[in-house]
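Let me begin by presenting the structure, written as structure tokens, before commenting on it.
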């Protein structure tokens with residue numbers, strides 16, 4: 001299985017399949033792909049912090065707050081379709097985030 005590196009929300013992650021390792025803590029973080037689009041995907045990690053989701057694609061590193069739908073990290077200008085879908089499905093995204101992050 002090949003390894004790929006990605007930077008998500010200011011954390012350098014080493015990703016293998018649907019698992020990622022935060023280098024500072026060496027803790028394993030699971031990633032759930034919620035929806036795939038033409039050039040990216042929406043993913044939710046069981047990581048930490050306020051409810052949010054990630055837009056991951058080639059050269060994409062975008063974090064969006066689920067409460068406000070505000071972009072917290074990255075440049076989402078080319079992901080309007082993704083943001084529109086997320087807005088329309090916010091309740092489901094929040095429910096999944098809560099399931100994956102029971103400690104908040």
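We did not get these values from a lab; they are worked out from the coordinates using the rules stated. Because the structure is a prediction, the values reported are computed rather than measured. Heads up, the Cβs are rebuilt from the backbone with ideal geometry, glycines too, and the neighbour counts pull from every protein chain shown.
Judged by the mean number of other Cβ atoms found within 10 Å, the most tightly packed of the peptides 49-56, 75-82 leads the ranking 49-56, 75-82.
Put simply, region 31-100 fits an ellipsoid with semi-axes of 17, 12, 12 Å; these come from the alpha carbon gyration tensor as the roots of five times its eigenvalues, largest first.
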